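The values are calculated or read from the model by the stated rules, or taken from the named source; none is laboratory data. What you see is a predicted model; the values in this text were computed from it and never measured. All Cβ positions, glycine included, derive from the backbone under ideal geometry; neighbour counts span all protein chains shown.
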Amino acid sequence: MPELPEVETYARWLRGAYGTPGLIGRQVRRVRVRWPAAVATPDATLFAQRLRGRTVQAVARRGKYLLWHLENRETVLIHLRMSGRLRWADAPPNEAARHLRLALELDDGRWLLYEDPRKFGRWWLTARPTTVLGHLGPEPWEISPDAFAARLRARRARIKPLLLNQRFLAGVGNIYADEALHRAGIHPARAAHTLTSTEAARLLYALQEVLREAILAQGTRFDAAYPWGTYQQYLRVYSREGQVCYTCGARIRRLRLAGRSAHYCPQCQPRVSNA
Ligand SMILES: [Zn+2]
(Lines give C-alpha, C1' and ligand atoms only; values in the text may rest on other atoms or scores of the structure.)
Protein backbone atom coordinates (compact mmCIF):
# COMPACT_ATOMS: atom_id res chain seq x y z
CA MET A 1 0.00 0.00 0.00
CA PRO A 2 1.54 3.33 -1.02
CA GLU A 3 2.55 5.45 1.99
CA LEU A 4 3.94 8.99 2.21
CA PRO A 5 7.25 8.28 0.36
CA GLU A 6 5.53 6.45 -2.49
CA VAL A 7 2.87 9.17 -2.90
CA GLU A 8 5.59 11.86 -2.72
CA THR A 9 7.44 9.99 -5.47
CA TYR A 10 4.29 10.06 -7.62
CA ALA A 11 3.95 13.81 -6.97
CA ARG A 12 7.56 14.43 -8.09
CA TRP A 13 7.08 12.16 -11.11
CA LEU A 14 3.94 14.10 -12.09
CA ARG A 15 5.95 17.32 -11.73
CA GLY A 16 8.39 15.97 -14.33
CA ALA A 17 11.14 14.43 -12.19
CA TYR A 18 12.82 11.15 -13.14
CA GLY A 19 13.13 11.97 -16.84
CA THR A 20 9.49 11.96 -17.91
CA PRO A 21 7.57 15.11 -18.91
CA GLY A 22 5.05 15.81 -16.18
CA LEU A 23 1.57 17.17 -15.82
CA ILE A 24 2.32 20.83 -15.02
CA GLY A 25 0.90 23.21 -17.63
CA ARG A 26 -0.85 20.39 -19.47
CA GLN A 27 -4.52 20.60 -20.36
CA VAL A 28 -6.83 17.61 -19.95
CA ARG A 29 -8.33 16.88 -23.37
CA ARG A 30 -10.39 13.78 -22.63
CA VAL A 31 -11.51 11.89 -19.53
CA ARG A 32 -12.62 8.27 -19.63
CA VAL A 33 -14.03 6.81 -16.44
CA ARG A 34 -14.07 3.05 -16.86
CA TRP A 35 -15.25 2.26 -13.32
CA PRO A 36 -17.52 5.05 -11.98
CA ALA A 37 -17.10 4.16 -8.29
CA ALA A 38 -13.42 5.17 -8.56
CA VAL A 39 -14.70 8.76 -8.45
CA ALA A 40 -15.87 9.70 -4.95
CA THR A 41 -17.18 13.16 -5.83
CA PRO A 42 -18.86 14.53 -7.91
CA ASP A 43 -20.51 11.66 -9.82
CA ALA A 44 -18.39 10.16 -12.59
CA THR A 45 -20.20 11.92 -15.48
CA LEU A 46 -19.91 15.35 -13.87
CA PHE A 47 -16.29 14.64 -12.90
CA ALA A 48 -15.41 13.93 -16.56
CA GLN A 49 -17.28 17.05 -17.78
CA ARG A 50 -15.72 19.37 -15.22
CA LEU A 51 -12.16 18.07 -15.62
CA ARG A 52 -12.19 18.25 -19.43
CA GLY A 53 -10.42 21.40 -20.67
CA ARG A 54 -8.81 22.15 -17.31
CA THR A 55 -5.08 22.89 -16.96
CA VAL A 56 -2.93 21.49 -14.14
CA GLN A 57 -1.00 24.32 -12.50
CA ALA A 58 0.69 22.48 -9.63
CA VAL A 59 0.99 19.02 -8.12
CA ALA A 60 1.26 18.55 -4.35
CA ARG A 61 0.86 15.93 -1.64
CA ARG A 62 -0.79 15.91 1.77
CA GLY A 63 -0.47 12.71 3.85
CA LYS A 64 -1.14 9.92 1.38
CA TYR A 65 -3.24 12.13 -0.94
CA LEU A 66 -2.04 13.46 -4.31
CA LEU A 67 -3.33 16.93 -5.20
CA TRP A 68 -3.52 18.58 -8.62
CA HIS A 69 -4.30 22.28 -8.43
CA LEU A 70 -6.21 23.42 -11.53
CA GLU A 71 -6.25 26.85 -13.16
CA ASN A 72 -9.92 27.38 -12.18
CA ARG A 73 -9.03 26.97 -8.46
CA GLU A 74 -10.52 23.50 -8.23
CA THR A 75 -8.42 20.57 -6.99
CA VAL A 76 -8.20 16.94 -8.06
CA LEU A 77 -7.40 14.65 -5.13
CA ILE A 78 -6.32 11.03 -5.50
CA HIS A 79 -5.93 8.40 -2.78
CA LEU A 80 -4.32 5.23 -4.15
CA ARG A 81 -5.28 3.11 -1.11
CA MET A 82 -4.26 -0.58 -1.45
CA SER A 83 -3.35 -1.00 -5.10
CA GLY A 84 -3.98 2.16 -7.15
CA ARG A 85 -1.17 3.10 -9.56
CA LEU A 86 -0.56 5.67 -12.28
CA ARG A 87 1.41 5.33 -15.49
CA TRP A 88 1.92 7.15 -18.77
CA ALA A 89 0.97 5.73 -22.15
CA ASP A 90 1.51 7.09 -25.66
CA ALA A 91 -1.74 5.65 -27.04
CA PRO A 92 -5.34 5.37 -25.83
CA PRO A 93 -5.90 2.44 -23.49
CA ASN A 94 -6.96 -0.84 -24.98
CA GLU A 95 -10.63 -1.54 -24.30
CA ALA A 96 -9.62 -4.89 -22.82
CA ALA A 97 -7.00 -3.37 -20.45
CA ARG A 98 -7.42 -5.15 -17.12
CA HIS A 99 -7.66 -3.12 -13.91
CA LEU A 100 -7.96 0.19 -15.81
CA ARG A 101 -10.40 2.44 -13.88
CA LEU A 102 -9.76 5.89 -15.32
CA ALA A 103 -7.76 7.43 -18.19
CA LEU A 104 -6.94 11.03 -19.10
CA GLU A 105 -5.70 12.28 -22.45
CA LEU A 106 -3.52 15.41 -22.30
CA ASP A 107 -3.05 18.14 -24.89
CA ASP A 108 0.39 16.73 -25.82
CA GLY A 109 -1.21 13.42 -26.87
CA ARG A 110 -0.07 11.39 -23.87
CA TRP A 111 -2.44 9.39 -21.69
CA LEU A 112 -2.27 9.08 -17.93
CA LEU A 113 -3.71 5.73 -16.91
CA TYR A 114 -5.06 4.88 -13.48
CA GLU A 115 -5.18 1.15 -12.71
CA ASP A 116 -6.45 -0.36 -9.48
CA PRO A 117 -6.90 -4.14 -9.23
CA ARG A 118 -8.51 -4.02 -5.78
CA LYS A 119 -10.68 -0.92 -6.50
CA PHE A 120 -10.22 0.82 -3.13
CA GLY A 121 -8.54 3.95 -4.59
CA ARG A 122 -10.60 7.14 -4.99
CA TRP A 123 -10.57 10.42 -6.97
CA TRP A 124 -12.23 13.70 -6.00
CA LEU A 125 -12.73 17.00 -7.86
CA THR A 126 -13.61 19.86 -5.56
CA ALA A 127 -13.19 23.57 -4.92
CA ARG A 128 -12.79 22.79 -1.19
CA PRO A 129 -10.04 20.19 -0.65
CA THR A 130 -10.36 20.59 3.13
CA THR A 131 -13.65 18.64 2.93
CA VAL A 132 -11.47 15.66 1.94
CA LEU A 133 -8.28 16.44 3.90
CA GLY A 134 -9.68 18.11 7.01
CA HIS A 135 -9.41 15.04 9.24
CA LEU A 136 -5.66 14.59 8.74
CA GLY A 137 -3.22 15.11 11.59
CA PRO A 138 0.19 16.71 11.11
CA GLU A 139 2.96 15.04 9.11
CA PRO A 140 6.00 14.04 11.24
CA TRP A 141 7.93 17.20 10.23
CA GLU A 142 4.99 19.47 11.06
CA ILE A 143 5.03 18.83 14.81
CA SER A 144 7.59 19.62 17.54
CA PRO A 145 8.97 16.87 19.82
CA ASP A 146 7.18 18.48 22.80
CA ALA A 147 3.82 18.62 21.05
CA PHE A 148 4.28 15.04 19.81
CA ALA A 149 5.09 13.85 23.36
CA ALA A 150 1.99 15.64 24.68
CA ARG A 151 -0.22 13.99 22.04
CA LEU A 152 1.21 10.57 22.94
CA ARG A 153 0.60 11.13 26.67
CA ALA A 154 -3.09 11.69 25.93
CA ARG A 155 -3.53 8.33 24.16
CA ARG A 156 -3.89 4.87 25.68
CA ALA A 157 -3.72 3.06 22.30
CA ARG A 158 -0.75 0.91 21.43
CA ILE A 159 1.92 2.89 19.65
CA LYS A 160 2.09 0.96 16.35
CA PRO A 161 -1.64 1.15 15.47
CA LEU A 162 -1.71 4.77 16.69
CA LEU A 163 1.03 5.74 14.22
CA LEU A 164 -1.16 4.33 11.42
CA ASN A 165 -4.12 6.49 12.48
CA GLN A 166 -4.15 9.32 9.91
CA ARG A 167 -6.02 11.62 12.30
CA PHE A 168 -3.15 11.30 14.74
CA LEU A 169 -0.32 11.56 12.22
CA ALA A 170 -0.60 11.85 8.41
CA GLY A 171 1.35 9.79 5.90
CA VAL A 172 2.75 6.93 7.98
CA GLY A 173 1.73 3.37 7.12
CA ASN A 174 2.73 -0.16 8.05
CA ILE A 175 6.25 -0.26 6.59
CA TYR A 176 7.59 3.04 7.90
CA ALA A 177 5.92 2.71 11.32
CA ASP A 178 7.72 -0.63 11.86
CA GLU A 179 11.04 0.81 10.64
CA ALA A 180 10.81 3.97 12.77
CA LEU A 181 9.86 2.03 15.93
CA HIS A 182 12.88 -0.22 15.42
CA ARG A 183 15.18 2.74 14.85
CA ALA A 184 13.82 4.40 18.02
CA GLY A 185 14.07 1.16 20.08
CA ILE A 186 10.37 1.16 20.99
CA HIS A 187 8.24 -1.99 21.18
CA PRO A 188 5.20 -1.75 18.84
CA ALA A 189 2.76 -2.87 21.57
CA ARG A 190 3.76 -0.19 24.11
CA ALA A 191 0.81 1.97 25.22
CA ALA A 192 1.37 5.44 23.74
CA HIS A 193 1.00 7.27 27.08
CA THR A 194 3.88 5.26 28.62
CA LEU A 195 6.49 6.74 26.26
CA THR A 196 8.87 9.15 27.99
CA SER A 197 9.57 12.52 26.33
CA THR A 198 13.02 11.19 25.36
CA GLU A 199 11.40 8.23 23.63
CA ALA A 200 8.79 10.45 21.96
CA ALA A 201 11.51 12.71 20.55
CA ARG A 202 13.55 9.70 19.41
CA LEU A 203 10.49 8.27 17.67
CA LEU A 204 9.62 11.55 15.95
CA TYR A 205 13.17 11.94 14.61
CA ALA A 206 13.18 8.28 13.52
CA LEU A 207 9.93 8.81 11.60
CA GLN A 208 11.35 11.92 9.90
CA GLU A 209 14.61 10.15 8.99
CA VAL A 210 12.98 6.96 7.71
CA LEU A 211 10.51 8.92 5.56
CA ARG A 212 13.24 11.20 4.14
CA GLU A 213 15.48 8.25 3.30
CA ALA A 214 12.56 6.40 1.70
CA ILE A 215 11.68 9.46 -0.42
CA LEU A 216 15.30 9.59 -1.66
CA ALA A 217 14.99 5.90 -2.58
CA GLN A 218 11.69 6.66 -4.39
CA GLY A 219 9.81 4.44 -1.94
CA THR A 220 9.62 0.71 -1.32
CA ARG A 221 8.80 -1.73 -4.10
CA PHE A 222 6.34 -4.31 -2.77
CA ASP A 223 4.46 -5.88 -5.66
CA ALA A 224 2.57 -4.76 -8.77
CA ALA A 225 0.88 -2.09 -6.61
CA TYR A 226 4.13 -0.11 -6.50
CA PRO A 227 6.78 -1.49 -8.87
CA TRP A 228 9.32 1.34 -8.32
CA GLY A 229 11.70 2.35 -5.53
CA THR A 230 14.73 0.80 -3.84
CA TYR A 231 14.03 1.26 -0.13
CA GLN A 232 13.23 -2.48 0.24
CA GLN A 233 17.00 -3.10 0.42
CA TYR A 234 17.27 -0.86 3.51
CA LEU A 235 14.38 -2.39 5.50
CA ARG A 236 15.58 -3.56 8.92
CA VAL A 237 12.44 -5.23 10.30
CA TYR A 238 9.48 -4.94 7.90
CA SER A 239 8.79 -8.31 6.17
CA ARG A 240 11.95 -9.78 7.78
CA GLU A 241 10.30 -12.14 10.29
CA GLY A 242 12.73 -14.90 11.37
CA GLN A 243 15.77 -13.15 9.88
CA VAL A 244 18.55 -11.67 12.03
CA CYS A 245 18.47 -8.09 13.27
CA TYR A 246 21.31 -6.12 11.61
CA THR A 247 21.82 -4.22 14.86
CA CYS A 248 22.01 -7.01 17.47
CA GLY A 249 21.72 -10.41 15.76
CA ALA A 250 18.43 -11.45 17.45
CA ARG A 251 15.63 -12.92 15.29
CA ILE A 252 13.02 -10.46 13.99
CA ARG A 253 9.53 -11.29 15.22
CA ARG A 254 6.04 -10.49 13.99
CA LEU A 255 2.91 -9.95 16.04
CA ARG A 256 -0.70 -8.98 15.28
CA LEU A 257 -1.88 -5.63 16.64
CA ALA A 258 -5.33 -4.24 15.89
CA GLY A 259 -5.62 -6.44 12.81
CA ARG A 260 -2.25 -5.41 11.34
CA SER A 261 1.10 -7.11 11.64
CA ALA A 262 4.05 -5.47 13.37
CA HIS A 263 7.66 -6.54 12.80
CA TYR A 264 10.14 -5.87 15.59
CA CYS A 265 13.37 -6.98 17.24
CA PRO A 266 12.73 -8.34 20.77
CA GLN A 267 16.20 -7.24 21.91
CA CYS A 268 16.40 -3.72 20.37
CA GLN A 269 12.74 -3.01 21.22
CA PRO A 270 12.04 -4.26 24.79
CA ARG A 271 8.49 -4.30 26.17
CA VAL A 272 9.37 -1.82 28.90
CA SER A 273 10.94 1.60 28.57
CA ASN A 274 14.73 1.71 28.50
CA ALA A 275 14.93 5.49 28.27
ZN1 LIG B 1 17.99 -6.01 17.32
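Below is a table of values for the structure above.
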| item | result |
| --- | --- |
| Contacts under 7 angstrom Cβ, first residue in the range 231-258 being outside the structural domain of His182 (by TED's automatic domain parsing) and within 15 Å of Leu181 (Cβ to Cβ), partner away from the ligand (no atom under 13 Å from the Cβ) and part of a strand (DSSP E or B), 6 or more apart | none |
| Residue check, Gly229 away from the ligand (no atom under 15 Å from the Cβ) and either within 26 Å of Met82 (Cα to Cα) or touching a Lys or Arg at 6+ places or on another chain (Cβ under 6 Å) (or both) | yes |
| Every pair of residues 6+ apart whose Cβ atoms lie under 6 Å, when the first sits in the range 34-50 and is closer than 16 Å to Leu77 by Cβ while the second is loosely packed, with under 14 Cβ neighbours inside 10 Å | Ala44/Pro36 |
| Matching residues in the range 185-199 - criterion: being out of contact with any strand residue (DSSP E or B) (no Cβ under 8 Å at 6 or more places or on another chain) and surrounded by fewer than 24 Cβ atoms within 10 Å (Cβ to Cβ) | Gly185, His193, Thr194, Leu195, Thr196, Ser197, Thr198, Glu199 |
| Only listed residue being more than 16 Å from the chain's Cα centre (by Cα), within 16 Å of the ligand (Cβ to nearest atom) and aliphatic (A, V, I, L, M), chosen from Leu204, Leu181 | Leu181 |
| Residue in the range 181-202 that is closer than 28 Å to Leu86 by Cβ, in contact with a helix residue (DSSP H, G or I) (Cβ under 9 Å, 6 or more places away or on another chain) and not in a helix (DSSP H, G or I) present | no |
| Those residues of the range 233-256 which are among the aromatic types (Phe, Trp, Tyr) and in contact with a Phe, Trp or Tyr (Cβ under 9 Å, 6 or more places away or on another chain), in sequence order | Tyr238 |
| Index of the failed condition, Val76 passing every other in (1) surrounded by fewer than 15 Cβ atoms within 10 Å (Cβ to Cβ); (2) at pLDDT 95 or above; (3) not aromatic (Phe, Trp, Tyr) | (1) |
| Residues being away from the ligand (no atom under 15 Å from the Cβ) and among the basic types (Lys, Arg) - total across the range 254-275 | 2 |
| Subset of the range 230-275 (residues that are at pLDDT 95 or above, in contact with a Ser or Thr (Cβ under 6 Å, 6 or more places away or on another chain) and assigned to a loop (DSSP other than H, G, I, E, B)) | Cys268 |
| Selection count, the range 232-253, where residues are within 14 Å of the ligand (Cβ to nearest atom), surrounded by fewer than 16 Cβ atoms within 10 Å (Cβ to Cβ) and either under 20 Å from the mean Cα position of the chain (by Cα) or farther than 19 Å from Glu213 by Cβ (or both) | 8 |
